[in-house]
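Here's the structure, in structure tokens; my notes come after.
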Amino acid sequence: MLIFEDREVWSSKRGRRAVSELETQSVESIAVIMHFAMGDSVLTRPFFVTLREFFPNAKITASIIANYTNGIPEDLVDRIHVSAGKYRPRPSFFTKMKTWRALGYHDIIFDLITSNASYWVTKLNPAKLKVGFMRYFYHYFIYDLAVTRSDFHFISETFLHQLNVLGLEHRWPPDFQYPAASHQPRKPYVMYCATSSEPSRSWPSESYAALMARMAEAFPEYDHTLLYGNSPSEEAEADSVLEMAGKRENILPEKEADLERSAMLLRHATMVVGNNSGIRNLAIATETPTLGLFIAGSHFNYWPRFGLHHVVFEREGGASSVERVFRTAVDHLKRIEKEGSR
């Protein structure tokens with residue numbers, strides 16, 4: 001194999017030698033460190049799909065952290081390694097060290113997160129080749145090969161850059177291969193995800209209520225379904241949104257029972273409208289058209305520039321108006337209908 005080097009790639013002498021000795025057919029074990037919450041975990045799927053294609057004989061391990069266990073691509077890996085997480089009582093450093101070392105030897109270790117814990121996992125376990133992202137000066141001491149990480153690319157593509165540097169191409173658009181059960185709704189529906197585990201990322205509840213009411217009036221042929229979150233606070237907020245939206249035959253609640261059911265509901269929606277949250281990322285992974293509402297932070301790394309995905313954000317920051325989101329949602333839904341009829 002070769003390293004496809006440019007100014008966004010760093011490699012050590014050891015790394016260059018290791019890559020020159022690697023052959024895709026002879027790689028027997030690969031570990032991927034992905035200490036992510038559900039939203040980012042589901043977006044790693046194209047990375048694992050590509051690994052399976054180019055390293056058919058490799059046993060693949062997903063290295064996760066104990067407090068983030070949802071969204072792991074279990075159908076695409078052979079083993080799951082669990083590092084001690086941030087739970088109470090907090091584990092001692094020696095307990096963490098023991099779990100970090102349990103990853104063991106691999107031909108290649110990919111670190112997709114570059115966190116303090118992932119540095120330890122990468123450093124403490126031997127491998128022929130260790131690949132990660134550049135961050136400050138740490139990559140000089142942790143990895144053999146590193147690439148820059150940009151917040152202006154969709155995050156699934158950014159993960160894939162660690163494979164591109166080895167000359168491995170991926171499918172376009174990225175292939176998620178997300179398994180989801182079939183669902184027969186009573187009529188087409190738009191799904192709204194009005195809550196988030198981080199309230200600072202959420203569009204206001206009263207705005208969601210106003211949007212749902214206006215969309216229900218503009219598109220009576222659709223059900224307009226609000227997906228509830230699992231936490232008590234998210235459930236209370238969803239109750240408030242429905243109450244403010246008013247009673248209409250085509251405005252409906254849907255309880256989020258588990259990840260499998262949520263994926264099924266999202267996959268069969270005509271469009272998903274939601275905050276920058278794990279649920280919207282799950283909709284992207286099920287290849288459902290989305291409209292993302294961004295309040296703060298970079299929107300580019302969670303905005304797929306393929307498929308039928310769009311975002312609404314304010315260049316000056318803050319929440320967009322109901323009128324602006326409504327107009328965008330109408331245009332986007334019409335575009336989805338047009339594309340779907342071809």
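Just a few scattered comments:
- Listed residues T225, H310, Y140: farthest to the positive end of the dipole of the chain (Cβ charges): Y140
- By a 1.4 Å probe calculation restricted to protein chains, F4 has an accessible surface near 120 Å², given to the nearest 10.
- Where labels lie 7 Å past Cα in the beta-carbon direction, separation of K98 and K338 in nm: 6.2 nm
- For E23 and T148, the difference between the fully extended length at 0.36 nm per residue and the C-alpha to C-alpha distance is 42.6 nm.
- If you wrap the tightest convex hull around every Cα atom of the range 121-206 and split its volume per residue, you get 217 Å³.
- With a Förster radius of 41 Å applied to the beta-carbon distance between R135 and E235, the computed FRET efficiency rounds to 0.65.
- Three-way shape call for the range 15-71 based on the alpha-carbon gyration tensor, with the a/c threshold at 1.5: prolate
- Taking the chain and dividing mean pair separation by its residue count, relative contact order in percent (alpha carbons under 8 Å, at least six apart): 16 percent
- Note, ³J(HN,Hα) from phi for the range 320-325, Karplus 6.51, -1.76, 1.60, rounded to Hz, x at Gly and Pro: 6, 6, 4, 4, 5, 5
- Dipole moment magnitude, nearest 20 debye, the chain about Cα centre, only Lys, Arg, Asp, Glu C-beta charged: 960 debye
- 1.4 Å probe accessible area per residue over the range 183-322, in Å²: 42 Å²
- Residues with amide H under 5 Å from that of L226, placed H, sequence gap 5 or more: Y192, L252, E254
- In percent, rounded to a whole number, the relative contact order of the range 1-141 is 24, using alpha-carbon pairs under 8 Å and six or more apart.
- Average projection, convex hull of the Cα set of the range 35-170: 8.2 square nanometres.
- The range 243-320: GluC sites (Glu not before Pro) in DSSP coil with no more than 14 other Cβ atoms inside 10 Å: E249, E314, E316
- Nearest 10 degrees, 0 to 90: helix 155-164 Cα axis against the chain principal axis: 20 degrees
- Flagged links, alpha-carbon separation over 28 Å, of K247/K338; K59/K130; K187/K338; K13/K86; K255/K338; K13/K96: K247/K338; K13/K86; K255/K338; K13/K96
- Extension gain for R14-Y87 works out to 22.5 nm (0.36 nm per residue, less the C-alpha to C-alpha distance).
- As a calculated quantity, the FRET efficiency between E249 and R324 at R0 = 22 Å, using C-beta atoms, amounts to about 0.20.
- Translational diffusion coefficient (Stokes-Einstein; Kirkwood radius from C-alpha pairs) of the range 172-212 at 4 °C, 1.567 mPa s, in µm²/s: 94 µm²/s
- Electrostatic dipole magnitude of the range 249-342 [Cβ: Lys, Arg +1; Asp, Glu -1; Cα centre; debye, to 20]: 320 debye
- Label-point separation in nm, S115 to E314, each point 7 Å along Cα→Cβ: 3.1 nm
- Y189 long-range amide H proximity, modeled H, under 5 Å: D223, T270
- Residue-by-residue Karplus 3J(HN,Hα) for the range 98-115, coefficients 6.51, -1.76, 1.60, Hz, glycine and proline x: 5, 6, 5, 5, 5, 4, x, 6, 8, 4, 9, 10, 9, 10, 8, 10, 6, 10
- Three-way shape label, the range 246-300, alpha-carbon gyration tensor, a/c 1.5: oblate
- Its DSSP H runs of at least 4 residues, each contributing -39,500 (n - 2.57), put the calculated 222 nm mean residue ellipticity of the chain at -10000 deg cm²/dmol, to the nearest 500.
- Gyration tensor (alpha-carbon) shape descriptor, the range 1-105, a/c threshold 1.5: prolate
- Fraction of accessible area attributable to carbon and sulfur, the range 263-338 (%, probe 1.4 Å): 49 percent
- Listed options for P(r) over Cα pairs in 10 Å bins from 0, in percent are (1) 5, 24, 30, 22, 14, 5, 0; (2) 6, 27, 36, 24, 7, 1; (3) 5, 24, 32, 25, 10, 2, 0. The value calculated from this structure is the one marked (1).
- Backbone phi angles across the range 212-219, fed through the Karplus curve with coefficients 6.51, -1.76 and 1.60 (θ = phi - 60°), yield HN-Hα couplings of 4, 5, 6, 5, 5, 6, 6, 10 Hz in residue order; Gly and Pro are listed as x.
The values are calculated or read from the model by the stated rules, or taken from the named source; none is laboratory data. Being a predicted model, the structure only gives us computed values, none of them experimental. With ideal geometry, Cβ positions are generated from the backbone for all residues, glycine too; neighbour counts draw on all protein chains shown. Remember, those area values only see protein heavy atoms, side chains included, never the ligands or the DNA or RNA. Shrake-Rupley method; radii C 1.70, N 1.55, O 1.52, S 1.80 Å.
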